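Input: a single structure, listed below in structure tokens.
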Amino acid sequence: MEIYSTSIRITAKGFCDIQDITVGVRNFIRESNITQGLITAFVPGLTAAITTLEFEEGVIEDFKRAIERLAPKDIHYEHNARWGDGNGFSHVRAALLGPSLTVPIIDGSLELGTWQQIIVVDFDNRPRTREVILQIVGNPRS
């Protein structure tokens with residue numbers, strides 16, 4: 001059993017900016033030579049999240065609208081009243097999706113569905129650089 005870790009940096013615009021990191025994840029798996037195992041993607045911080053989505057304009061728009069209905073940016077948030085930074089909505093949105101995703105690796109391949117991509121969603125109310133930590137646990141090629 002081996003463990004490999006790396007990170008990917010992305011420049012995010014905030015306000016539900018969605019970035020596809022699937023290629024970077026696949027590249028890391030290939031470089032690791034792991035054939036059977038798990039990969040976890042984790043985004044540190046409280047205003048971004050990771051999930052899977054079909055990275056297609058229609059689905060992306062539908063997703064953004066659904067998030068706006070779940071946690072609208074223009075309602076009262078106690079966080080904003082206390083801290084004055086105006087990003088209470090981003091904390092709630094990120095908590096709903098979560099900061100990590102784990103996907104199986106089988107025969108050296110990331111086991112996603114045909115139209116499934118791994119995405120990072122930046123919910124904050126300002127641009128920022130995000131780090132996504134990738135960690136693989138598994139068995140290497142013999």
Quick one: Ile67 ticks every box in (1) surrounded by fewer than 16 Cβ atoms within 10 Å (Cβ to Cβ); (2) closer than 13 Å to Phe15 by Cα; (3) in contact with a helix residue (DSSP H, G or I) (Cβ under 7 Å, 6 or more places away or on another chain) except a single one, so which number is it?
(1)
Specify the residue that is nearest to the chain's Cα centre (by Cα); the eligible residues are those in region 44-62 that are touching a residue at least 12 places away in the same chain (Cβ under 8 Å), more than 22 Å from Thr6 (Cβ to Cβ) and surrounded by fewer than 18 Cβ atoms within 10 Å (Cβ to Cβ).
Leu53
Of the residues in region 1-38, those that are in contact with a strand residue (DSSP E or B) (Cβ under 6 Å, 6 or more places away or on another chain), among the acidic types (Asp, Glu) and either assigned to a helix (DSSP H, G or I) or crowded, with 19+ Cβ neighbours inside 10 Å (or both) come to Asp17
Neighbours by Cβ (under 9 Å, 6+ apart or cross-chain): first from region 69-80, among the β-branched types (Val, Ile, Thr); second surrounded by 10 or more Cβ atoms within 10 Å (Cβ to Cβ) and at pLDDT 95 or above:
Ile75/Gly88; Ile75/Phe89
Failed condition for Val92, given (1) surrounded by fewer than 16 Cβ atoms within 10 Å (Cβ to Cβ); (2) without any contact (Cβ under 8 Å) to a residue 24 or more places away in the chain; (3) hydrophobic (A, V, I, L, M, F, W, C); (4) farther than 21 Å from Val25 by Cβ:
(1)
Subset tally (residues that are of a type in the set (D, E, K, R) and in a loop (DSSP other than H, G, I, E, B)) for region 99-142:
5
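The values are calculated or read from the model by the stated rules, or taken from the named source; none is laboratory data. Remember, it's a predicted structure, so these values are computed and weren't measured experimentally. Glycine gets a Cβ as well: all are built from the backbone with ideal geometry, and neighbour counts include every protein chain shown.
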